[in-house]
1. Take every residue in peptide A:137-150, count the Cβ atoms of other chains within 10 Å of its Cβ, and give the average of those counts.
2. What value, in deg cm²/dmol to 500, does the helix sum -39500 (n - 2.57) over DSSP H runs of n ≥ 4 give at 222 nm once divided by the residues of chain A?
3. Restricted to Cα positions, what overall size does region B:96-237 have along the principal axes? Three whole-Å values, descending.
4. Which order do the peptides B:79-92, A:230-243 come out in when sorted by mean C-beta neighbours inside 10 angstrom, highest first?
5. Around B:Asn302, what is the net charge, scoring Lys/Arg as +1 and Asp/Glu as -1 over all other residues with Cβ under 12 Å from its Cβ?
6. Give the relative contact order (percent, whole number) for region A:20-110; include only Cα pairs under 8 Å separated by 6+ residues.
7. Using a cut-off of 18 Å between alpha-carbon atoms, which lysines can reach B:Lys211, once sequence neighbours fewer than 8 places away in the same chain are excluded?
8. With no solvent and one equal point scatterer per Cα, compute the Debye intensity ratio I(q)/I(0) for region B:69-316 at 0.10, 0.12, 0.13, 0.14 Å⁻¹ and report its log10, rounded to two decimals.
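The values are calculated or read from the model by the stated rules, or taken from the named source; none is laboratory data. These figures come from a predicted structure and were not determined experimentally. No Cβ is skipped: glycine too gets one built from the backbone with ideal geometry, and neighbour counts run over all protein chains shown. For accessibility, only protein heavy atoms count, side chains too; no ligands or nucleic acids. Shrake-Rupley method; radii C 1.70, N 1.55, O 1.52, S 1.80 Å.
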Amino acid sequence: MTLTEQRPAPTEPSSSITANRMTRVQVGAVGLVAVAVGALSWLSSGSPNWARWIVVTLVTYCVGIYIVARIVEGRRQALDRLMLALVTSAFALVVMPLASVIWTVIERGTNRFDAEFFTETMRGVTGEGGGIYHAIVGTLIVTGLATLMSVPFGLFTAIYLAEYGHGTKLAKAIQAMVDVMTGIPSIVAGLFAYAMFELIFGPGTRSGIAGAVALTVLMTPVVVRSSEEMLRLVPNELREASYALGVPKWKTIVKVVLPTAIAGIITGVVLAIARVIGETAPLLVTAGLAQGVNWNPFDGRMTTLPVFTYYQYVQPGVPPSNGQDRAWAAALVLIIIVMVLFTLARILAHVLKPKGLR
Amino acid sequence: MTITDTPPGGDTIAAPTETTSKLGDRIFGGISLGAGILILVTLAAVALFLFVEAWPTFGAEPSTFNESFSSYVAPLLFGTIWAAFLALLLALPLAVAVALFVSHYAPKRLAVSFGYFIDLLAAIPSVVFGLWGIAVLAPILSRSVYPWLEDNLGFLPFFAGPASTSGRTMMTVAVVLAVMILPIITAISREVFLQTPRLHEEASLALGATKWEMIRQAVLPYGRSGVISGAMLGLGRALGETMAVAIILSPANIITVNVISNQNPNTIAANIALKFPESAGLNVNRLIATGLVLFFVTFIVNALARRIANAGFSGADG
């Protein structure tokens, strides 16, 4: 009786649970004040300064909400609100540079995002014009070779780790070394490939295949890790059912385990390609830079997109705007490739999943 | 689909081909084992080839270079660790906050797309970050941040100046590296935060904890080892990061903690990228020797990360 009489309308902040709580309107008011203070910070200078506006607003809001909540709600609630504000503004702060990266690349990259850019090479080009045809060819060859080498290599290692050597000392050692390989700096992988080909073919060698070897060193551990994880997700019942039917182990792996895990494995491979396709440093020291198309990975320098981007920016020629435009456009192409690979991985993961597990 | 393709009379497959199956098993198992061993061989080859190529540096006549190898590599090593340390200092708190935001604060539906966005950013090539750093970030910092730091905090050795007008400083590099390693640390932290047992969280809330108190009591202790190993992985990546540093930094052969001037210690990786294409003879060997040093540094960092991760997770599982 008394309880129901005392219960107020939901909007009225007087029950014991909602007492001394800030309403949404009050929180919004603190936010508005913060935005206004942020605006004041650049109004005196005349021109809008978006970065300063956002930063000052966030700082003011954090301080303001803490003080107001401290007075209205008490210490614990104030701290809670402060942390919510801090975590959210950290997110906003992080999104700013990342959004700026993408926006800058799109804005400047579209200056030279034309048909000529994709069909021409840099042979004989000093000023305007020129394109990335040779770099696209180089990237496709080098990354393709690296994929051809690292996928069987990585997949069989994963099969060993998950199916054959599970729990053995050797498997543990291999796993540890795969972890170490994941951490190899890309430039060190490049130096390794350079050193190997120099010892075989003599000093100063540059070739596409050396670049592919460097990328293989970087790509294999990624493939191993993702494939192993996927193989382990395959339910043991499937294997046992297959053994019970008298199917030998290798056929069980080929016909039962791999098809079940194939979606995850292919997704992992595509993500690994996305990771290495933008590698610059190892290709800089192994494949080098050429002005024209080179179809032969075993002979001579071969330009790839990231290396092209780097050189067009640091050695843009005269006037520098031509080279820089090419650099930004090539960077845009790189980002688009990475995004396409990412989306592709998502789609493949969905499409290829066996029906029972979808 | 393939699973159900297996005919009901499975023994008809295995029985007549038993000898070939055994052979098949041996070949298939052998290939797998070989691939596994090849991993060990590859890693050994990386160390071996680098060592063989680096060796002539140490055997060279003292007059070949102006300075000994240790005095050549010391500023580079310092620069490498200094840049990576600063980047981690900037990135770690932000990464943990963003991971918490995605795992515990953001609306569920948005959280998935944020997670996807962050994963995507981890794959943006470093050369793109380098271009952005030199073309966008460096001018902003040198215009509005560095002069202010020099005027107001110049008494600290870090901001002693003179402030660079081009923005090609250690601090710009650190900010760019921080932006680059943020997605990695965030991704790993988010994973462990999401794995926090629901019962722990609910127990904390049931005792009257606010959301932040719940996070401090349940989520952070559970995710600590994951965050640390994520941070170490980010540190490893920052140590080996090449192109962004090579594009942005204006290097000099010195050791200094001043982060806003034009005179900066270079990093090992960037030094290799800048000098390698134009080097020949013993200079190449010396650069490879510095690469070997970098290899060992990252090796140690990664080994530490793995040890922390293993220790932490086994504790959490038990």
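1. 0
2. The helix-only estimate for chain A comes to -23500 deg cm²/dmol at 222 nm.
3. 55, 35, 27
4. B:79-92, A:230-243
5. +2
6. Over region A:20-110, the number comes to 24 percent.
7. B:Lys108
8. Treating every Cα as an identical point scatterer, log10 I(q)/I(0) equals -0.56, -0.77, -0.87, -0.97.
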